[in-house]
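See below for the structure under consideration.
The values are calculated or read from the model by the stated rules, or taken from the named source; none is laboratory data. Remember, it's a predicted structure, so these values are computed and weren't measured experimentally. Backbone-built Cβ (ideal geometry, glycine too); neighbour counts: all protein chains shown. Calculation scope for accessible area: heavy atoms of the full protein, side chains included, ligands and nucleic acids excluded. Shrake-Rupley method; radii C 1.70, N 1.55, O 1.52, S 1.80 Å.
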Amino acid sequence: MISANKILGIAWPAFLSACLLELLLFGLFDPEEMLRYGQPAGLSRLALQTAAFFVFWLACAASSALTVLLMGPVPGPSRPAQAASAQED
């Protein structure tokens, strides 16, 4: 089971990355000028920005989740002093 810390560790950086991407995209392009097959998108400015934000957030969350998955379990702290004393006995 995934812990709450892992979920927050995935969702929060993904949220911040999505915010940055949203600012960059719509700082450069006006949503009302975006075309779909040569025609206006048919969505309001707010609807297009909201949809783009959630797409960005999902993509960034997938990237963060893949990183957590590939890292695997975190090894526990090593105890060289105890290992050395156990070998001496």
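Between a first residue in the range 18-40 that is closer than 22 Å to residue 57 by Cα and open to solvent by 50 Å² or more (accessible area, probe 1.4 Å) and a second residue that is β-branched (Val, Ile, Thr) and at pLDDT below 90, which pairs have beta carbons less than 8 Å apart while being 6 or more apart in sequence or on different chains? Nothing qualifies.
Taking residue 1 as the residue in question, decide whether it is at pLDDT below 80, within 25 Å of residue 70 (Cα to Cα) and either touching a Cys at 6+ places or on another chain (Cβ under 7 Å) or not polar (S, T, N, Q) (or both). So residue 1 fits the description; yes.
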